[in-house]
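The values are calculated or read from the model by the stated rules, or taken from the named source; none is laboratory data. These numbers were taken from a predicted model, which means no experiment stands behind them. Cβ placement follows ideal geometry from the backbone for every residue including glycine, while neighbour counts extend to all protein chains displayed. Accessible surface is based on the protein model in full, side chains and every heavy atom, while ligands, DNA and RNA are left aside. Shrake-Rupley method; radii C 1.70, N 1.55, O 1.52, S 1.80 Å.
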Amino acid sequence: DAGVIQSPRHEVTEMGQEVTLRCKPISGHNSLFWYRQTMMRGLELLIYFNNNVPIDDSGMPEDRFSAKMPNASFSTLKIQPSEPRDSAVYFCASSLRRGGVGELFFGEGSRLTVL
Amino acid sequence: AQSVTQLGSHVSVSEGALVLLRCNYSSSVPPYLFWYVQYPNQGLQLLLKYTSAATLVKGINGFEAEFKKSETSFHLTKPSAHMSDAAEYFCAVSAQGGADGLTFGKGTHLIIQP
């Protein structure tokens, strides 16, 4: 079975450029999460969706960050304009929310370097 | 609000020795607790989870963890370390079983000495 698929795996860009990270969750899952991982701050939850609706975006660092989930099989995280401090590994995870305990399944991450 | 604290950013053990990775949590409601493992350049994989059913939880790869409410702890153990256990380990907490996302600790890097 296909897991969570993220693209690109690696992105190197220059400050000020727009960056778009993509995620395809596991088929049938109804919750999707975007995390950011850095050495200094560890894993931070940026935003999560339930049934394609954003539920909590309080972790989004600032207005330069935006996330969308136009349908159940696709989500994007966009940074515009990008800054060097945005350099991190961005993980997408999905889960099946059924009221009980859910397991988050993570993609392999998108490593972003902003020069 | 929930939080977890992992004691020790790096833990080194000899192959065949006991592995003990420490995690303490803070939660205003009965917590759901998780341990994840991350191998280099990969995503996180669930090792085990506590859901209030049993205080001793067994997971994959021979790992287990015990929930101790009195100590607000959820330490991860494995009786005998293997070289393949070398990885980053994360403890995480949720108030809603993960439905609202997880709050992760800073991680513990496990080093296995031959």
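A few comments on the model shown:
- Those residues of the stretch A:80-115 which are under 11 Å from the mean Cα position of the chain (by Cα) and over 12 Å from residue A:23 (Cα atoms), in sequence order: A:89
- In the stretch B:84-114, residue nearest to residue B:11 (Cα to Cα) [restricted to those that are assigned to a loop (DSSP other than H, G, I, E, B), at the interface with chain A (Cβ under 9 Å from one of its Cβ atoms) and in contact (Cβ under 8 Å) with a residue 40 or more places away in the chain]: B:107
- Test: residue in the stretch B:18-33 that is at the interface with chain A (Cβ under 10 Å from one of its Cβ atoms) and not hydrophobic (A, V, I, L, M, F, W, C): yes
Condition check ((1) within 10 Å of the chain's Cα centre (by Cα); (2) open to solvent by less than 20 Å² (accessible area, probe 1.4 Å); (3) of a type in the set (Lys, Arg); (4) at positive phi) across all residues:
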{"site": "B:19", "(1), (2), (3), (4)": "no, yes, no, no"}
{"site": "B:33", "(1), (2), (3), (4)": "yes, yes, no, no"}
{"site": "B:39", "(1), (2), (3), (4)": "no, no, no, no"}
{"site": "B:42", "(1), (2), (3), (4)": "no, no, no, no"}
{"site": "B:45", "(1), (2), (3), (4)": "no, no, no, no"}
{"site": "B:52", "(1), (2), (3), (4)": "no, no, no, yes"}
{"site": "B:56", "(1), (2), (3), (4)": "no, no, no, no"}
{"site": "B:94", "(1), (2), (3), (4)": "no, yes, no, no"}
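- Within the stretch B:2-24, residues that are among the small types (Gly, Ala, Ser) reach partners that are crowded, with 19+ Cβ neighbours inside 10 Å and at pLDDT 95 or above with beta carbons closer than 6 Å, at six or more positions or on different chains, in the pairs B:8/B:108; B:17/B:81.
- Test: residue in the stretch B:59-70 that is surrounded by fewer than 21 Cβ atoms within 10 Å (Cβ to Cβ) and within 13 Å of chain A (Cβ to nearest Cβ): yes
- Residue B:81 part of a loop (DSSP other than H, G, I, E, B), open to solvent by less than 10 Å² (accessible area, probe 1.4 Å), more than 10 Å from chain A (Cβ to nearest Cβ) and touching a strand residue (DSSP E or B) at 6+ places or on another chain (Cβ under 7 Å): yes
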